[in-house]
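The values are calculated or read from the model by the stated rules, or taken from the named source; none is laboratory data. If you're wondering where the values come from, they're calculated on a predicted model, not measured in any experiment. Every residue, glycine as well, gets a Cβ built from its backbone with ideal geometry; the counts of neighbours run over all protein chains shown. Accessible surface is based on the protein model in full, side chains and every heavy atom, while ligands, DNA and RNA are left aside. Shrake-Rupley method; radii C 1.70, N 1.55, O 1.52, S 1.80 Å.
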Amino acid sequence: MIIATKGRRIRRAAAVAVTTGAVLATGALTAAPAQAVTAPTITAKGGYLMNSATGATLFTKSADTKRLTASTTKIMTAKVVLSQTNLNLDTKVTIRKEVSDYIVSKGASSARLIVGDKVTVRQLLYGMMLPSGCDAAMSLADKFGTGTTVKARTANFIGKMNTMAKSLGMTNTHFDSFDGISNGSNYSTPRDLTKLARSAMKSTTFKAVVKTKSYTAKTITKTGATRTMAAWNNTNALLGWNGTLGIKTGSGTEAKYCLVFAATLNGEQVMGAVLTSSSEANRTADVKKLITYGYARI
């Protein structure tokens, strides 16, 4: 009796094992719940991460504290430009001397645009978002602002940036520049910048620009000749890492190191921002942690 019982138990166990294996092979058995994922520690003073498909928050660290945004401001400049009615990306813009004077006076990052050259709006977007050209940003603000002088037009454009921020629900944001060189009142938060990024990434043009690693523009000189510019390389070294699609770096003496980012891998979509990282290396490490964590959470 004991042997028979053992035999039945062994046969029953084997049958259960076979059945279980078959169910697992077909995927019909519900997997055990995953262990809770530990939130990362980041060195940046502010950080935010969302599931960009749903908008759900995945991580926060002082996410609503106002901070300097440096060149991540240029995301809004691009957003305003791309929101213009009947926008023609092939419209040519002549680079003004005021733009060159501004770059020199501020010691600003530049796409090395040349006064008198005609550059398309599309090219200016690449020049602004890849090498972080403040000259490209100013040329766009001058083109799409309203007024009789460069100063008036760029001020009007900054007003449009703030109007757009309000429409996107960026309640802790204010812009006083088109490029992030603050005049005393240019700030945002990790959460607000992520809201902006989510909206901007709905534009196929914006998405194509920010994921580009290198771009060579051909501009038209004063004499009508074609000038092939030196390649504009993207300042975002994370492009392509673990599905990273962009979006914009920023750095400054007071702002330190910032990055607004988006990444997609195996259908999982995350987006976020870090502000005031102490170094470029720490900024990169922080974002890698957040992207990895976001995928695990989703």
*Going through the stretch 51-100 one residue at a time, which ones are over 25 Å from Phe157 (Cα atoms), part of a loop (DSSP other than H, G, I, E, B) and either modelled with pLDDT under 95 or small (Gly, Ala, Ser) (or both)?*
Ser52, Ala53, Gly55, Ser62, Ala63
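Going residue by residue through the stretch 287-294, is there one that turns out to be touching a strand residue (DSSP E or B) at 6+ places or on another chain (Cβ under 6 Å), in contact (Cβ under 8 Å) with a residue 24 or more places away in the chain and over 23 Å from Gly55 (Cα atoms)? Write out each step before concluding.
Step one: of the stretch 287-294, the residues touching a strand residue (DSSP E or B) at 6+ places or on another chain (Cβ under 6 Å) are 287, 290-291, 294.
Still in the running and in contact (Cβ under 8 Å) with a residue 24 or more places away in the chain: 287, 290-291, 294.
Pick out the ones that are also over 23 Å from Gly55 (Cα atoms) and you get none.
Within the stretch 287-294, none of the residues are touching a strand residue (DSSP E or B) at 6+ places or on another chain (Cβ under 6 Å), in contact (Cβ under 8 Å) with a residue 24 or more places away in the chain and over 23 Å from Gly55 (Cα atoms).
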*Could you please find all residues in the stretch 220-233 being part of a loop (DSSP other than H, G, I, E, B) and not basic (Lys, Arg)?*
Thr221, Thr223, Gly224, Ala225, Met229, Ala230, Ala231
*Being open to solvent by 10 Å² or more (accessible area, probe 1.4 Å) and in contact with a Gly (Cβ under 6 Å, 6 or more places away or on another chain) is the filter here, so list the residues in the stretch 229-275 that pass it.*
Thr264, Leu265
*What single numbered condition from (1) of a type outside the set (Ser, Thr, Tyr); (2) open to solvent by 40 Å² or more (accessible area, probe 1.4 Å); (3) under 23 Å from Val93 (Cα atoms); (4) more than 13 Å from the chain's Cα centre (by Cα) fails to hold for Ile158?*
(2)
*Looking only at the stretch 115-134, count how many residues are open to solvent by 50 Å² or more (accessible area, probe 1.4 Å) and either closer than 24 Å to Thr249 by Cα or in contact with a His (Cβ under 6 Å, 6 or more places away or on another chain) (or both).*
1
*Any residue at all in the stretch 230-242 that is under 21 Å from Val121 (Cβ atoms), among the small types (Gly, Ala, Ser) and in contact (Cβ under 8 Å) with a residue 40 or more places away in the chain?*
yes
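With the condition kept exactly as written, say whether any residue in the stretch 170-183 is of a type in the set (A, V, I, L, M, F, W, C), touching an Asp or Glu at 6+ places or on another chain (Cβ under 8 Å) and under 24 Å from Gly55 (Cα atoms). Full working, then the answer.
Of the residues in the stretch 170-183, the ones of a type in the set (A, V, I, L, M, F, W, C) are 170, 175, 178, 181.
From what is left, the residues that are touching an Asp or Glu at 6+ places or on another chain (Cβ under 8 Å) are 170.
Going one step further and asking which of them are under 24 Å from Gly55 (Cα atoms), we end up with 170.
Looking for residues that are of a type in the set (A, V, I, L, M, F, W, C), touching an Asp or Glu at 6+ places or on another chain (Cβ under 8 Å) and under 24 Å from Gly55 (Cα atoms), one finds at least one in the stretch 170-183, hence yes.
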